[in-house]
Structure formats: C-alpha cells, structure tokens
C-alpha cells in the first residue's frame, strides 16, 4: 500500500498529531555514543553519574533526535520526499535518564511561504514517566511538496 | 568540575571539538536513528541530486556542538537551557568538522543566571555549516 503524500496545501494549521512513546534503552544510548564518540562517564557509568549528583545514567543532550525526530516522523505520515530540516529550537527541562519512558506530543503550529519555499513548523513537548517536561522542541522544515 | 557562572568571561572561547566525517559514521548513524534517507546513505541516488553526492545528517555534526558545550561546562546536562539551531551548509564525507563557540553575553533575569553562547560547526574551509545560539542556564 502506498502512503498518500501530505502536501503543504493539505496541512491544517494548527493541528494535533497525537503522541509517541519511547523508552530510553541502555543499548540505544550505547549505540548513539559509539557513533558520536562522546564518552563522558555520566552517559555510560551509573557510579560516575551518582558521583556527579545525578540519580542515574544520563542520555547525552545531543541525543535529542532519538526522542523528537522519530516521534515527528511517525506521528506525521506522508511527509513528501526532498524535505530539509532548516531550523530547530530546543528547550531542555529535567535531564533524561536511561530507563525513562518518554512521551512526545506532536503538533503543527504554523506553515508559511518564504522565497517560494514551503515552511512547516512542528512543535513537540516531551515528558517523562513522572510527568516532568524534559524537552520542548520547535522544528522548522522546508516541505518537499 | 562544573564551571560556575561567576567564572565565565565574555569573549571566552570554548575548547573546540573536531571530527572527520566518514560515510561509515553516516551509515551507522542511519542505523541508530532509523533515518535511511538515500541522500545520506545511497551514493548512486545522491549523485543525481543537487548535492552531487551523499551528505551527512546535520544531527551528527550538531552533536559535536553539544559535546563542546557540555565538555566546557563540565556538566552532563543542559537543564533549563535553550538552543536555536540553523542548518546552513551540508557536511560531506571526507570533511573535517569542528565545533567552536564563544561566550557572547551574561545576564541575570528574574533570579536566573544565563550565559548566551554563540556556537557553530565549520568545515576545513572555515565555512559555517551549522550555527547555534545557546542560552545556557546556571
């Protein structure tokens, strides 16, 4: 079955696109660290994390796409090919720990044309299993069609 | 040891973080993130696009900015901080990218101590590929 494309003209503004849940798995964070190469002890070692005053191993702040982008891509189906990630705003709340169960709510806040390019603004709010806000995002994409 | 707000000096430069971008890193990031867009991982497809070859996910280079920032701060989290990120130019396999930054301003607003930092990723030709304005909370 072919996914029908969500074109710029069809996007309702504002609109809610539901939420996605993501468990911050130890293996996922280890894979991220292996690729990126930031081996700060707090991201890999529970003892180091406790000594630094955290309750558990932290996910690197740079790993935010695992929690936001994946939710956006899954929540908004039919994204036309050829799109570009133009801008991103991030507001960090309480630190994300390995083992957290995160819920990211996705909404489209705005769309506009500028220099013949189609821009779509997607907002996300990510909370942990305690209901604390861990991350607020505002992603501006150039829409493919 | 975490840096304190009082220690920061306006104009201070963050220690840079440099990395060689490789197609292997791009492919591995695609596996971790699930983003297998052919512009990143399929040289045959990418050859016929406006880029003329594969480009790295912007997120990979951006992560070096986070590393430079947290290394410099001496802490592992960015609790209460805000970042505004703009992707300007693509990074290609074979490019050496460097995360750099400087402290632009310090302010105390409603009891919150904030440092405004300008950070960026540049390639080996000193072209900026990503720029980040960070409002770091202390």
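The values are calculated or read from the model by the stated rules, or taken from the named source; none is laboratory data. Computed from a predicted model, the values in this text were never measured in an experiment. A quick note on method: Cβ atoms are made from the backbone with ideal geometry, for glycine too, and the neighbour counts reach across all protein chains shown.
Data for the structure
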quantity	calculated
Residue that is surrounded by the fewest Cβ atoms within 10 Å (Cβ to Cβ) [pool: residues in region A:88-99 that are on the phi < 0 side of the Ramachandran plot and in contact with a helix residue (DSSP H, G or I) (Cβ under 9 Å, 6 or more places away or on another chain)]	A:97
Among the residues listed as B:54, B:102, B:22, B:98, the single one being over 16 Å from residue A:63 (Cβ atoms), surrounded by 17 or more Cβ atoms within 10 Å (Cβ to Cβ) and in contact (Cβ under 8 Å) with a residue 40 or more places away in the chain	B:98
From B:44, B:24, residue being part of a helix (DSSP H, G or I), farther than 21 Å from residue B:121 by Cα and more than 9 Å from every other protein chain (Cβ to nearest Cβ)	B:44
Criterion violated by residue B:66 - all others in (1) modelled with pLDDT of 95 or more; (2) out of contact with any strand residue (DSSP E or B) (no Cβ under 8 Å at 6 or more places or on another chain); (3) closer than 21 Å to residue A:70 by Cβ; (4) more than 7 Å from chain A (Cβ to nearest Cβ) satisfied	(4)
Qualifying strands (runs of 3 or more DSSP E) (wholly inside region A:24-141; at least 3 residues being within 12 Å of chain B (Cβ to nearest Cβ), at pLDDT 95 or above and under 17 Å from the mean Cα position of the chain (by Cα))	A:84-92
Positions within region A:1-32 being in contact (Cβ under 8 Å) with a residue 12 or more places away in the chain and in contact with a helix residue (DSSP H, G or I) (Cβ under 6 Å, 6 or more places away or on another chain), in sequence order	A:17, A:18, A:20, A:22, A:32
